[in-house]
Amino acid sequence: MIATLITGLVLGGTYALVAMGLTLQYGISRIMNLAYGEILIFAAFAAFLLFSTFGINPILGLGIILPAAFAFGYVIYGVMMRPLVTRSKKSGTLEVDSILATFGLLFVIQGVMLVTFGSNYTSYSFLNTGINVLGANVAANRLLAFALAVIIGATLFTVLTRTRWGTTIRAIAVNLDAAPLVGIDVNRTARFAFALGTMLAASGGVMISMYQTFNASMGVVFTMKALVIVIMGGLGNLMGALIAGLLLGVVETLVATYVDPGLTLAATYCLFLVVLLWKPAGLFGKAAGR
Amino acid sequence: AVSAQDRTSVKIGYAISKTGANAGGAGITTLPNYQLWVHEVNEAGGLELPDGTRLPIEVIEYDDRSASEEVVRAVERLATQDQVDFILPPWGTGFNLAVAPLFDRFGYPQLAVSAVTDKAPEFVQRWKKSFWLLGGGHDYTEALAQILNDQKAAGTINNDVAVISVADGFGIDLITAARQSFADAGINIAYDVTYPVGTTDFTPMLSEAAASGADTFVAFSYPPDTFALTQQAQVAQYNPKVLYMGVGVGFPVYQANNGDKIEGVMSLGGIDPTNEAVMDYRARHTEFIGQAPDWWGSVVTYNSLQMLQEAIKRRGLDREAVSEELSNGTFETVLGEVKLEDNQLRTLWFGGQWQDGVFVAVAPADREGAVAPRLPKAPWPAQ
Amino acid sequence: MTRTILVSILVVLGLAALAWMPTQLGAYGVGLLLGMTGYVALASAWALFSGPTRYVSLATVAFFGIGAYTVAVLSETLPYWAVLMAAAAIGLAVALIVGLATLRLAGVYFVIFTFGLAELIRQLVTWYEVNITGTLGRYIFLPITAEQIYWQLLAIAAVTIAIGWLISRSRLGLALKVIGDDETVAAHTGINIAGVKLALFAVSATIITLVGAIQAPRWTYVEPSIVFNPTISFLTLIMALLGGANRLWGPALGAIPLFLLFEWLSANFPNHYSIILGLLFIAIVFVVPRGVLAGVEDGWKHLKRRGEAA
Amino acid sequence: MTTLLDIRTLRKQFGGLTAVNEVSFTVAEGETVALLGPNGSGKTTVLNMISGALAPTSGRITLSGQSIGGLAPNRIAHKGVARTFQLVRILPSLTVAENVVAALAFRPNHLWGRAAEERAEELLAEVGLGGRGGEHANDLTYIDQKRMELARALAAEPRLLLLDEWLSGLNPTELRTGIDLITALSRRGMTVLLVEHIMEAVRALCSRAVVMNVGTKIADGPTADVLADPAVISAYLGEGHA
Amino acid sequence: MLETQNLSLRYGRHLALHDISIRIAEGETVVILGANGAGKSSLLKAIAGPAKAEMGSNVLLDSKSILGTKPHLIPEAGIALVPEGRGVFGDLSVEENLLLGANPKRARSGETERNALIYDLFPRLAERKSQLVRTMSGGEQQMVAIGRALMSNPRFLMLDEPSLGLAPIVVTELFNALRRVKETGVGLLLVEQNVSISLSISDRGYLMEAGRIVGENSAEALKTDPAVQQAFLGGAAA
Ligand SMILES: Nc1ncnc2c1ncn2[C@@H]1O[C@H](COP(=O)(O)OP(=O)(O)OP(=O)(O)O)[C@@H](O)[C@H]1O
Ligand SMILES: Nc1ncnc2c1ncn2[C@@H]1O[C@H](COP(=O)(O)OP(=O)(O)OP(=O)(O)O)[C@@H](O)[C@H]1O
Ligand SMILES: [Mg+2]
Ligand SMILES: [Mg+2]
């Protein structure tokens, strides 16, 4: 039982890691980024390339990929999202616009990956050694992802809730119009949050590349899983994303072990639906009101 | 229609999943072979017709985006809009079935390769011009049951197997067949579960399988699952004496990632490494595509194209005649001498095993070129 | 009065022309028309509910799949019309249950809920087929031609747009707009929000179910991953949004060009399809911000104003 | 005078905070009553419970003897309660006329089509927005939005009208117009329960006042008496106002 | 000194402000009186940055133009606005709202003292430090908005109808508080409908009508001049 729980938690660590970037992008920059999973897969390919071609191990690879991802997010926000945000001040259509625009972005990134990496399944193994944790045999790479998720989650959560700077980030999520009144540069802050989210997506991608097979068409799977977790945890709430991710991991593992592996995904969605019916704004979401 | 004299090319079309969920499989087993074959034929001056003239192949290709509505419409387009001479089939059991009525209606022979179905005899009745080249689930599971029984008799393994299968056409077909085959062979299934497509964490299933006490572990799995299972079995130090997994074991990337560790892993398909034609094909494929073909379906796909090429050479561009030729003729291909039985290819390798870096055929054991399986599989190297 | 008659005549003539088209086209043309009409019906049905309420639903494929699967399961045992009725009834029942459950959700919570729902239904159908019936794929061998499917889809698309027209002129239409603007106000002006949403959701879902059922015979082989393909939900949504989900003809005007665009791109640029499509998408968002129809209207108004000024 | 609204030991709890604590009072048919109290004393919360926006934690609300506590807002609206909101709530994508028609179309004896449009125009004229039905609600100034909101509330033909600080933000001239408007309504027999911080208006309009403080009722009676009550002065009005 | 020169502002075709020239000296309190829709809020918004002014307009702080400065830099320059409709951060706590108020760099020193001063001015806020502002009553939210503006250590504080929705006792307290703020040397620009109380703390006043300044005088004079009052109160109500 303990072993099952640990396996589940470790699996959940991956989910949480993937979801946290999206909760930043959507919760704070208000961009519903459908291309999120594609960015993640791109980072996975990058890690693979660095590892297989240049022999740079993925952990060191993070040192290259994360800044690149941040820069990419920063540019994308500036070029694509900012005009939409500006425009939506009048029309209030940011949600729809960002869905449509990032849907396009999704295709572009996917297309670029198809052209450069092909459509094949890619995988390599790194740190694929068993580590005994309280009787459960856990792969070192997954454990690393779990640790990274917890560290990033806890750090960001503390920063966002305990510092003025973090509060300014949350402020733009709460009331965009009032933010300039207290000297917040909305554009810069939203852009930063978006870029940070992109970076988290990339970190998830690098971690996942170490133990999961991926191909250029798989991004949407991650986007949707991340969205489910983000919504379940409560929009824009990092702690919520972390806990919801871990919870999903545990539930999936328990169901796979004690019920029927055929029902794991069904259980995921069931849990998700039940949580939403019980708390319409997610586990840690603010009640009602938009 | 157009007579051979007025032509400058033979139009061959296909719709394939270049994007979407099926792109991973299609990009290994099907598309590279289409490309290789077209390239080789055109290098040689084109397709040869009965009168000895050669016409280059003009390719029309569509992406079905892994959606069955798309593949249906693309085939319609190929047949009625582009009026191609021949249509090559898409990848996947479901898609081959989806387009079968269209091939039939428009009179195109359908050389379905990446489709494993026990219903092939029925389909041949329904669609006279359909050809099914990769066998049915029973063929593979009976071969597996045979191997297991032999090993049991030799005292290598116990009578229990643990089986997991992916909840998709392929997995279901095979597990259904396997239950039957194992029961017939008197083998006990100690653990039997089905998991959804997209599962990434197999740890719970592996530990349950280990706990079941079975010496044999069978997974009717898709490529991502196969890769994950291999890695996670190593982490969990799960060492069944027979380890048999589904699609993906024969993919080049599998070998690249796992190196020597894959020694002893079994799967569907296989190659007779002494068959020079096959090995030569593999070399050409690797050279042209930049990566090796897989060890199961690829060579059969290539074989199907050679059959088509030969049938055209014998009967010209008349699709009716070509179909008839495919049904009745005997062909010399990479697989050696090939003759279809009731529009189905029966001379297939139904089981293979990684031995010294080559995925050799082990079943049917009585066919020439088969190698004896090396069992039990050695435990994973210590970490 | 005479105008109404004139418009009715035009509509009837238009429909007749559309119905006559397949006789002039080859199989591919019919396939194209069929696919296009299918999406026009889907997008219009989607917009019936999601347009005015701004509840973006990703459950389209859940109902579409239910329709298709019902046909796959029942086509051997029941006559065709009864199969369609059964599909509609099942779709309606599911819609009512789902509708009741989701009334409390708003915004993106609803979006993702509906997505989760579609996935859940797909997983459950898969599990049921695998464990209870022991097969996954089902075959549909119905003697229905592509033309016949097209005519049925044409009818249902026409009915959907007609329903949309009727609703927009009725109190129900106003109720939907009010709900879309401010639910609190809606409730306090006496609108039964739950009832209105539920009714609309049910109508929209039933139509979508029927579209799935009608299209099913086109694929001989049906399995959950084929009929519950989430791409269908996304495409429907994108088409409706692009055309303008709040206008009667918006969804149709989004569906037709997009569908043709997809077709043209995949035929001409199979290798760079994704990239070109993506760039076009982004361009469209920037160039016609409020949907194609609104863009056309704006352009028209602009021209008229220029004309008047001259 | 018959009692229209009867509130008994009404209570509302938000987590640990008791926003309304055992409040009881009545409003008679045709009366205009003020609900007063310092900021955060629970006035809006009481209105929210009467109109159904919030369900009471406990207690009873009856309208002409019929219990309405805890019903859905649309059912309460149909029973004859209409309201305005402390921060105006308009339907921004609709025109001014449509904002009013929205209420006409969903009241029990609903109006639709020409009849509704005509009636909406009348109501708009009544609140001083005559001829402006075609404008977009979003483009109206704050006061005009408030007027429109009142027209919308009146369109429901309510038996009880709840006004939450409807007069706030008006300049002295407009205030006078506003007071006249409400007076005219009440002359026609409309029952009004209003929350207001402008004493000038309260004195002019209300025969009775109920005062709340920290969720409890501290005074209830003729306006002049209540406003002279030392408890009310110290909690609400301040010495300057006495 | 904060001043506007020929400030004009347009919403589409509608000219909301015509050539407005006003000034507020350091430590001075100025009130703008005018009917609804006269353009008072628009004027404050134009000064605070978010609205785009017409050609020829200018806004000067200490004779340096700040027109066209990015809105978020205005508080940095020492101008704070309590907007119409409050503009508080509803999903943040009282404490966090005040913390954000001190976000401009100029507000960092003396933050603690100012915080204490605000809790002193509005004891209700001190009681409810961790309540989410969204769940507070209308008046309580107004206090948060004013407190937050004060936290930015402004040289000029602009308040758009601060007494709106406040209980009489709180209005009295608020204006007492504003008097104290004024004593600290902050210039106040006040838009108010509560004419008598606002004139009681003001030094000067402008009358606004249909987007134009139609009069200017000392508060004393305005208070006692019934004709002026009548003119602006009656003029724009139509
Ligand atoms: N949804 C809620 N959650 C938590 N507390 C709430 C909620 N709504 C109101 N409150 C609290 O209940 C109390 C009463 O609020 P209410 O809005 O009724 O006050 P009010 O008397 O209308 O004040 P004002 O005159 O300022 O509008 C306040 O302290 C407020 O903070
Ligand atoms: N965003 C906007 N778009 C269009 N017109 C606007 C906008 N904001 C204000 N207006 C118009 O500009 C004019 C001045 O409005 P403003 O809000 O500045 O007036 P005000 O004096 O503050 O009135 P109030 O006392 O109602 O707050 C009004 O006629 C108003 O309708
Ligand atoms: Mg209130
Ligand atoms: Mg104003």
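The values are calculated or read from the model by the stated rules, or taken from the named source; none is laboratory data. Computed from a predicted model, the values in this text were never measured in an experiment. Note that we place each Cβ from the backbone using ideal geometry, even for glycine, and neighbour counts take in every protein chain shown. For the accessible areas, the whole protein counts, side chains as well, though only heavy atoms, and no ligand, DNA or RNA atoms are used. Shrake-Rupley method; radii C 1.70, N 1.55, O 1.52, S 1.80 Å.
For the reader, a short list of remarks on this structure follows.
- In region E:5-157, Cα pairs under 8 Å separated by at least six residues give a relative contact order of 24 percent.
- Estimated FRET transfer efficiency when R0 is 60 angstrom, pair D:Glu135-E:Glu183 (beta carbons, to 0.05): 0.85
- For B:Gln35 and B:Gln180, a Förster radius of 45 Å and the Cβ-Cβ distance give a FRET efficiency of 0.70, rounded to the nearest 0.05.
- Distance (nanometres) between label positions extended 7 Å along Cα→Cβ at B:Thr330 and E:Thr112: 10.0 nm
- Each residue, D:Thr3 and C:Arg104, gets one label point 7 Å from its Cα in the Cβ direction; the gap between the two is 3.4 nm.
- Once you reduce region D:130-166 and region A:45-101 to the center of their Cα atoms, the two points are 46 Å from each other.
- Across region E:178-209, the residues whose backbone nitrogen lies under 18 Å from the label position 7 Å along the beta-carbon direction of E:Asp120 are E:178-186.
- Here is the result for region E:96-188: no GluC sites (Glu not before Pro) lie in DSSP coil with at most 10 other C-beta atoms within 10 angstrom of their C-beta.
- Largest accessible area first, the residues E:Lys45, D:Lys43 order themselves as E:Lys45, D:Lys43 under a 1.4 Å probe with ligands, DNA and RNA left out.
- Taking B:Pro364, B:Pro224, B:Pro90 in turn, the Gaussian network model of chain B (Cα-Cα springs below 10 Å) assigns the largest fluctuation to B:Pro224.
- Value at 222 nm in deg cm²/dmol, rounded to 500, when DSSP H runs of n ≥ 4 in the protein assembly as shown each add -39,500 (n - 2.57): -17000 deg cm²/dmol
- Take every Cα pair under 8 Å whose residues are at least 6 apart in sequence, average their separation, divide by the length of chain D, and the relative contact order is 25 percent.
- Averaged over the residues of A:181-194, the number of partner chain Cβ atoms lying within 10 Å of the residue Cβ comes to 5.
- Cβ-Cβ FRET estimate between C:Leu10 and C:Trp264, R0 fixed at 25 Å, reported to 0.05: 0.30
- Antiparallel bridges, percent of DSSP beta bridges restricted to the protein assembly as shown (to nearest 5): 50 percent
- Relative contact order (percent, whole number), region A:147-220, Cα cutoff 8 Å, 6+ residue spacing: 16 percent
- Distance in nm between pseudo-label sites at C:Gln148 and E:Met55 (7 Å out along the Cβ direction from Cα): 7.1 nm
- Gyration tensor over the Cα atoms of the protein assembly as shown: the corresponding equivalent ellipsoid has semi-axes (square roots of 5 times the eigenvalues, largest first) of 68, 35, 30 Å.
- Reachable lysines from B:Lys152, criterion Cα separation under 18 angstrom, eight or more residues apart if same chain: B:Lys241, B:Lys377
- Dipole magnitude of region C:2-309 about its Cα centre (Cβ charges: Lys, Arg +1; Asp, Glu -1), debye to nearest 20: 780 debye
- Taking every DSSP bridge with both residues inside region B:1-142, close to 15 percent are antiparallel.
- Fraction of beta bridges assigned by DSSP in region E:2-232 that are antiparallel (%, nearest 5): 55 percent
- Placing a label point 7 Å from the Cα of B:Thr8 along the Cα-to-Cβ line, the residues of region B:53-70 whose backbone N sits under 14 Å from it are B:55-59.
- DSSP H segments from chain D that extend 15 Å or more along their own axis, Cα-based, with Kyte-Doolittle mean of -0.5 or above: D:142-155, D:172-187
- When only alpha carbons are used to place a centre, region B:196-227 and region C:23-86 end up 37 Å from one another.
- Taking D:Leu163, D:Leu175, D:Leu194 in turn, the Gaussian network model of chain D (Cα-Cα springs below 10 Å) assigns the largest fluctuation to D:Leu175.
- Dipole magnitude (debye, nearest 20) for the protein assembly as shown, charges at Cβ of Lys, Arg, Asp, Glu: 3780 debye
- Rolling a 1.4 Å probe over the protein chains gives C:Trp264 an accessible area of about 140 Å².
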